[in-house]
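Report on the following structure.
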Amino acid sequence: MLKSSIKAIQRLLIVIISICLLLLIIGFLFVSLSPQFGGNPSSEQKAEFEKLGHYSNGEFQNLIETNMDMDFGEAIKMLPEFFKNDPSRVPDFDIPIVKIDSVDLTLPNQTTRLIWFGHSAFLLQIDGKNILLDPMLGEVPAPHPLLGKKRFSKELPIEIEQLPSIDMILFSHDHYDHLDYGSVQKLMGKTHAYYVPLGLGSHLKAWGIHPEKIHEMDWWDELEVDGLKLAFTPSRHFSGRGLTNRFSTLWGSWVIHGESDRIYFSGDGGYGPHFKDIGDRFGPFDFAMMECGQYNERWKEIHMIPEETAQAGLDIQAKVIMPIHWGAFSLAMHSWTDPVLKAAEELKLPVYVPKIGSYINMDQNLETREEWWIKP
């Protein structure tokens, strides 16, 4: 009887070990073979990066000390909270989505305008150009659908295939909720140029984008494209898509200066003195899209809480700010409506919260006319 029990335990252990080994092999093959993970900067690029003041030991650095470490005990404590079935983290009704007519996007338009796709994705039409900002237009911000939660809304304001020709795409960094492999693939045939942080071009090249279309920029780099001025500015964040390439590409924010309108796009990042520097150098801004979502006290150095977003809006000298990095995915433990940014009211800073898909026209009074995030 004892011998048979021991043999049964041995067989069970063999099965468990075999399953674990199989999962490890599958995981290794997935990471090694899946195109989702992109590429890595070349050794020649890394040698050039080493000449920069914010790159050392093979990694890009933030301008000020930024602690992103969470000890094992703290991470274990957080797991039950993160996976808790909290209904407040997702909408319990269908979010209103304004549908866009593809023909309207191709008509001559003298007004600078944007369309929000939720989270941090935008179409900007300015000075006759079509510009996409962090166009994550997929369903799940993860390397595989099973590894993330789906988008809140069942549809987009307009499908990728219906978008007009895109003059340029600007990416802020390489995280999955900003740089999406599937969206890049669908947009490839209609996009003329890509403006990206240092190193991020390695992902695009691995996905089949011609190197001549890719323009990598460092913090504070400025250039002019057909009369439109672009500047890539700092943020306080990090990068990485795989298990071993954290900090391998740069991250940042964008300044877009047209004939009559100045736009700021924050990307992701924690609060810091760089916002005032950006405001002093490039402000004031007519409109600023400011990160305000997926935050937590445990990682506040790389994602702003609403009060900090409001202060950052003042620092960059924005006339109107719009909270972004919310409204599409649940990537933190707060309620999905928290980032509507009530704190800005205390600082007397105008805040605009449009419906997903509605036109954001720079020549109009940008006031929130409907609390669409409240269940009807």
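The values are calculated or read from the model by the stated rules, or taken from the named source; none is laboratory data. Quick caveat: nothing in here was measured; it's all calculated off a predicted structure. Neighbour counts are summed over all protein chains in view; Cβ atoms, including those assigned to glycine, are modelled from backbone coordinates with ideal geometry. Just so you know, the surface numbers come from the protein's heavy atoms only, side chains and all, with ligands and any DNA or RNA stripped out. Shrake-Rupley method; radii C 1.70, N 1.55, O 1.52, S 1.80 Å.
The residues of the stretch 78-194 expose, per residue, 43 Å² of accessible area to a 1.4 Å probe. Out of the total accessible area of the stretch 147-201 (probe 1.4 Å, heavy atoms of protein only), what percent is carbon and sulfur? Carbon with sulfur: 51 percent of the solvent-accessible area.
A cut-off of 5 Å between modelled amide H atoms, ignoring neighbours fewer than 5 places along the same chain, links MET322 with ALA288, MET289, MET290, TYR352.
Across the stretch 307-352, Cα pairs under 8 Å and at least six residues apart give a relative contact order of 54 percent. Across the stretch 157-173, computed HN-Hα scalar couplings (Karplus, 6.51 cos²θ - 1.76 cosθ + 1.60, θ = phi - 60°) run x, 7, 6, 3, 4, 8, 5, x, 4, 9, 5, 7, 10, 10, 10, 8, 6 Hz from first to last residue, x flagging Gly and Pro. How far is helix 306-315 tilted, in degrees, relative to the longest principal axis of the Cα atoms in the chain, given as a value from 0 to 90 rounded to the nearest 10? With both axes taken from Cα atoms, the answer is about 40 degrees.
What list of ³J(HN,Hα) couplings, whole Hz, do you get for the stretch 96-109 from phi and the Karplus terms 6.51, -1.76, 1.60, once you set θ to phi - 60° and write x for glycine and proline? For the stretch 96-109, the Karplus curve yields x, 10, 7, 7, 9, 7, 4, 5, 4, 6, 9, 6, x, 9 Hz. Taking only Cα atoms and a 10 Å spring cutoff, compute GNM fluctuations for the chain and point out the largest among SER253, SER42, SER165. Comparing SER253, SER42, SER165 in a Gaussian network model of the chain, the most mobile one is SER42. Contact order, relative form, for the chain: 18 percent (alpha carbon pairs under 8 Å, 6 or more residues apart, mean separation divided by residue count). When the Gaussian network model of the chain links Cα atoms closer than 10 Å, the mean-square fluctuations of GLY252, GLY138, GLY313 top out at GLY138. Decide, for the stretch 87-361, between rounded, prolate and oblate: order the square roots of the alpha carbon gyration tensor eigenvalues as a ≥ b ≥ c, take rounded if a/c falls under 1.5, and otherwise choose prolate if a/b is larger than b/c, else oblate. Verdict is rounded for the stretch 87-361. Protection proxy ranking for 325-331, 103-109, using the average of other Cβ atoms within 10 Å per residue and placing the highest first: 325-331, 103-109. Semi-axis lengths, largest first, of the ellipsoid equivalent to the stretch 72-228 are 30, 22, 14 Å, with √(5λ) applied to each eigenvalue of the Cα gyration tensor.
Nonpolar atom fraction for the stretch 228-323, defined as the carbon and sulfur part of the 1.4 Å probe accessible area, stands at 49 percent.
Say R0 is 25 Å: what FRET efficiency, to the nearest 0.05, do ASP104 and ASN296 get from their beta-carbon distance? Result of the calculation: an efficiency of 0.05. In the stretch 297-371, the ratio of gyration radius to Kirkwood radius, Rg to Rh, stands at 0.96 when only Cα atoms are counted. Structure remark: mean-square fluctuation, Gaussian network model of the chain, C-alpha springs under 10 Å; the largest value among ARG241, ARG281, ARG262 belongs to ARG281. Structural descriptor for the stretch 46-204: relative contact order 17 percent, calculated from alpha carbon pairs under 8 angstrom and at least 6 residues apart.
For the stretch 83-170, the percent of C-alpha pairs falling in each 10 Å distance bin, counted from 0 to the bin holding the largest distance, reads 14, 43, 28, 12, 2. Rounded if a/c is under 1.5, else prolate if a/b beats b/c, else oblate: with a ≥ b ≥ c from the C-alpha gyration tensor eigenvalues square-rooted, which is the stretch 219-319? Cα axes put the stretch 219-319 in the oblate bin. For the chain, adding -39500 (n - 2.57) for each run of n ≥ 4 DSSP H residues and dividing by the number of residues yields -7000 deg cm²/dmol at 222 nm.
Highest-first packing order for the peptide set 337-344, 213-220, 317-324 is 317-324, 337-344, 213-220, based on the mean count of other beta carbon atoms within 10 Å.
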